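The values are calculated or read from the model by the stated rules, or taken from the named source; none is laboratory data. In this text, all values refer to a predicted model and were calculated from it rather than measured experimentally. Glycine gets a Cβ as well: all are built from the backbone with ideal geometry, and neighbour counts include every protein chain shown. All accessible areas refer to the heavy atoms of the entire protein, side chains included, with ligands and DNA or RNA removed. Shrake-Rupley method; radii C 1.70, N 1.55, O 1.52, S 1.80 Å.
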Amino acid sequence: METKFTKGNWHKLSVIYEKKWINITSDKGIIARSFYGDKKPIVNQKEAEANALLISKAPEMFEMLEKWSILNTEHYKDLQGFILETKKLLKEATEL
């Protein structure tokens with residue numbers, strides 16, 4: 001399957017306190033920002049950081065879904081291995 005998104009690892013890089021945003025980066029530089037603030041409908045800093053973390057895991061989640069689509073091939077010989085890897089990714093994507 002050909003993907004069009006930025007390849008490589010994405011990271012929740014830094015909180016820019018004076019600008020009220022969090023950078024999500026790849027090897028190519030900044031690819032997204034998660035903004036926060038005090039006025040509605042903008043989210044608070046904690047929620048923005050959680051959003052940035054989740055966004056940073058998008059390529060790995062895509063890869064996991066790709067593996068799921070071909071579960072019975074060389075990637076996973078048994079379902080238990082896939083379940084353990086999925087739980088690890090979910091934990092990484094949700095724990096600040």
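Which lysines, if any, have their Cα less than 16 Å from the Cα of Lys19, not counting same-chain residues under 8 positions apart? Leaving aside lysines fewer than 8 places away in the same chain, those within reach of Lys19 are Lys39, Lys46.
If you roll a 1.4 Å probe over the chain with all protein chains in place, what percent of the accessible area is carbon or sulfur? Don't skip to the end; give the middle numbers.
Numbers: 4000 of 7060 Å².
Roughly 57 percent, rounded to a whole number.
Taking the longest Cα principal axis of the chain as reference, the axis of helix 45-56 is set at about 30 degrees.
Exposed loop sites here mean chymotrypsin sites (Phe, Trp or Tyr not before Pro) with a DSSP loop assignment and at most 15 other beta-carbon atoms within 10 Å; the chain contains its longest site-free run at 18-96. Measuring with a 1.4 Å probe in the full set of protein chains, what accessible area per residue, in whole Å², belongs to the chain? Ligands and nucleic acids excluded, the figure is 74 Å² per residue.
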